[in-house]
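A short write-up of the structure that comes next.
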Amino acid sequence: MSNRNMENDPRWHRVAQRDKSADGEFYYAVRTTGIYCRPSCAARLPRPENVVFYATAEAAERAGFRPCKRCKPDQASLAEQHAALIAEACRLIENAEEALDLDALARHAGLSIYYFHRLFKTVTGITPKAYMAAHRARRVRQQLVQGNSVTEAIFDAGYNANSRFYEKSDQLLGMTPSNYRAGGANTEIRFAIGECSLGAILVARSDRGICAISIGDDADALARDLQDRFPNSELIGGDADFEQWVAQVVGFVETPAIGLDLPLDIRGTAFQQRVWQALREIPAGQTASYTDIAEKIGAPKAVRAVAGACAANTLAVAIPCHRVVRNDGTISGYRWGVERKRALLEKESIP
Ligand SMILES: [Zn+2]
């Protein structure tokens, strides 16, 4: 390659500007030092006449250059390759007409089953099997909403026998498939709105247990949110029996030490459910960090996914996502308002 025109090469300008968006597109090597770098490397700029570009880190290494210790172009590329492999496996799962086995996925990625399984879990936070199960459930939900028959939806989603689907349907859909298809029609959801020291509190239950607890300033807004989440369910204002449940939840908010012993109707992906289970094991008066929870569920690198699952919790207080704080102990966001999170933690710190 001629270097005479290096200063006209757009890649050189991106290196000179340490353009992060160029990372991964190409690498530059410096002949005088024998080192190659990512375009954004913070090291001192080389003289342009000493620079050679390569499309990949491997090509730079094959030409005899060593990776820079500062921008670690080889390591980043490995992580990027892994993420790309796993993303491809996810697309395969999403587009497969039939359930795929682990062996086929691993072979497609060019990895051993053991390594593929571990890598998948590191990158996504869940196992391939859990991802497949969650995706199949999502396909069934989409098909049912589009008006396909229950049997069609089940076959299209890769379940090979109705019976296997029906065994799991309650857990996957939170109701029977025909009810879900009707947008939750025929399911009754009882709810009531009470007052607690944190504001208005809405408690709703399906026939399986408490399916929503939310807290806010505006009781009407809480009821509208509930209707949005269960558009075709019949929402029924609570009767006297139900008010007892609300009283129990309010009592628990005011005095967390008494505990909450009500059945919960927990709806979420396999990964969310693992996170929420771990949250329920944090005792009142204690807190944990997102990193602690990620470690506890055996997915130490899935810290961001854990934070996402905490944010997706729809059962305020009963699944105590308010007990999760940043690594340095400061209070992070809360679906129902940071001030309420602080107030709950203060209440709980009183023995
Ligand atoms: Zn570098």
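Each reported figure results from applying straightforward, stated rules to the coordinates on display, with no laboratory input. Just so we're clear, the structure is a prediction, and the values are computed from it rather than from any experiment. Note: ideal-geometry Cβ built from the backbone for every residue, glycine included; neighbour counts use all protein chains shown.
Listed values, structure above:
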| item | result |
| --- | --- |
| Distance (nanometres) between label positions extended 7 Å along Cα→Cβ at Arg107 and Glu94 | 2.5 nm |
| Hits among lysines - C-alpha to C-alpha of Lys301 under 28 Å, sequence gap 8 or more where chains match | Lys20, Lys69, Lys72, Lys121, Lys129, Lys341 |
| Sequence of Ser349, Ser21, Ser206, Ser233 once ranked by neighbouring C-beta atoms within 10 Å, starting from the fewest | Ser21, Ser349, Ser206, Ser233 |
| Cα gyration tensor shape for the range 192-306, rounded if a/c is under 1.5, else prolate or oblate | prolate |
| Summed residue charge, Cβ within 12 Å of Ala219's Cβ, Lys/Arg positive, Asp/Glu negative | -4 |
| Part-to-part distance (alpha-carbon centres) for the range 44-117 and the range 296-351, which is given in Å | 34 Å |
| Label-to-label distance, nm, for residues given as Arg326 and Val338 (7 Å Cα→Cβ offset) | 0.9 nm |
| Fully extended contour minus Cα-Cα distance, from Ala55 to Ala311, at 0.36 nm per residue | 88.2 nm |
| Least to most buried among Arg224, Arg11 (fewest other Cβ within 10 Å first) | Arg224, Arg11 |
| Normalised contact order of the range 230-351, rounded percent, pairs of Cα under 8 Å and 6 or more residues apart | 27 percent |
| Cα-based Rg and Dmax for the range 290-348, where Dmax is the largest Cα-Cα distance (Å) | 11.2, 32 |
| Overall dimensions of the range 261-301 as given by Cα atoms, namely Rg and Dmax in Å | 11.1, 33 |
| Local electrostatic count, Cys71, Cβ distance below 9 Å [Lys/Arg +1, Asp/Glu -1] | +3 |
| Fraction of the pair-distance distribution of the range 240-351 above 25 Å, Cα-Cα pairs, percent | 19 percent |
